[in-house]
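Below you'll find the structure, written out as structure tokens, and then a few comments.
The values are calculated or read from the model by the stated rules, or taken from the named source; none is laboratory data. Remember, it's a predicted structure, so these values are computed and weren't measured experimentally. Neighbour counts are summed over all protein chains in view; Cβ atoms, including those assigned to glycine, are modelled from backbone coordinates with ideal geometry. Only protein heavy atoms, including side chains, enter the accessible area calculation; ligands, DNA and RNA are left aside. Shrake-Rupley method; radii C 1.70, N 1.55, O 1.52, S 1.80 Å.
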Amino acid sequence: MNWNGNSDDPRRRLLVKALAAGVFSSAVGSRNASAQPLGGKPAPLPQGKSIYRIEGQVLVDGELATPDTQVSASSTVETGRNSEVIYAVGETAHLQRSESHVTLETKQSGSVIVSGIRVLTGKILSVFPDGRPVRMTTKNASIGIRGTGIYMESDPEQTYFCTCYGTADIASASDPTSRETVVSRQHDRPLYVLTGEQPGQNIRPAPFINHTDQELMLIEALVGRTPPFVFPRDDYRQPRRTY
């Protein structure tokens, strides 16, 4: 299986270049560059607004989404081929890539607090407020996170999971002896969570793939935060991590 299938997507290269201009300039107050083509200069979304950027076909709770669609803490979000959506719910924000099926979960009807995310298939980059536990699940992984930024890719055979920063308790859904706690400052220990290996062998080291610091900065900006590794524009020469 090729987990790097979208790594050379020219649309993603353009996205990251625009993010580098828009996010880093906004971090130091520059008015010379913006990310308007992506949905506006990165900043907390206005009240009543959920979606920052939408591309291609996106369904929210089974209905075709528009920039004015509301995403709730219990919504199901589905992206079609060559589609992508960036959205925020409460204090969480997400960049959901193409061909992804994601269901948000909350413990109380009507709440804006996301307490869980089920990724049936696909790829998602997410950020969460410090100190609030969230449970992420796929067919083969169960992951408890606390105040983290994460990137996940899920399909029936395996899950790729990067704790971009923060703490995550990672376990194989099929093997309770395969579990690991990761405390990460900046993408320190990406992992594959597998199914069908020997007991205790269903979590393995993985490379860093398919997400960037600029993308994390963008979605954190949508909820009024910055990643813990933000650095001044004068120190920026190239992405800290490449895809």
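Structural remarks
- Across segment 207-216, rounded Karplus estimates of 3J(HN,Hα) from the backbone phi angles (6.51 cos²θ - 1.76 cosθ + 1.60, θ = phi - 60°) give x, 7, 9, 6, 8, 9, 5, 4, 5, 5 Hz, Gly and Pro being marked x.
- Checking every one of the trypsin sites (Lys or Arg not before Pro) in segment 168-228 against DSSP loop status and a limit of 12 other Cβ atoms within 10 Å picks out 185.
- Amide H partners (placed H, <5 Å) of residue 52, local residues excluded: 86, 87, 88
- Remark on residue 140: its backbone amide H falls under 5 Å from none of the residues 5 or more positions apart or on other chains, H modelled at 1.01 Å from N.
- The portion of the accessible surface of segment 104-243 made up by carbon and sulfur, rounded to a whole percent, is 48 (1.4 Å probe; DNA, RNA and ligands excluded).
- Cα gyration tensor shape for segment 46-124, rounded if a/c is under 1.5, else prolate or oblate: oblate
- For residue 139, a cut-off of 18 angstrom between C-alpha atoms picks up these aspartates and glutamates, skipping any fewer than 8 places away in its own chain: 78, 99, 105, 153, 155, 157, 169, 175, 180, 197.
- For segment 63-210: rounded, prolate or oblate by the Cα gyration tensor [a/c cutoff 1.5]: prolate
- Shown in residue order for segment 58-68 are the 3J(HN,Hα) couplings computed by the Karplus curve 6.51 cos²θ - 1.76 cosθ + 1.60 at θ = phi - 60°: 10, 10, 10, 6, x, 10, 4, 8, 10, x, 9 Hz (x for Gly and Pro).
- Along segment 118-126 the Karplus relation, 6.51 cos²θ - 1.76 cosθ + 1.60 evaluated at θ = phi - 60°, assigns HN-Hα couplings of 10, 9, 5, 7, x, 9, 8, 10, 9 Hz to successive residues, with x for each Gly and Pro.
- What segment 75-138 shows is 40 Å² of accessible area per residue, with the surface traced by a 1.4 Å probe over protein heavy atoms.
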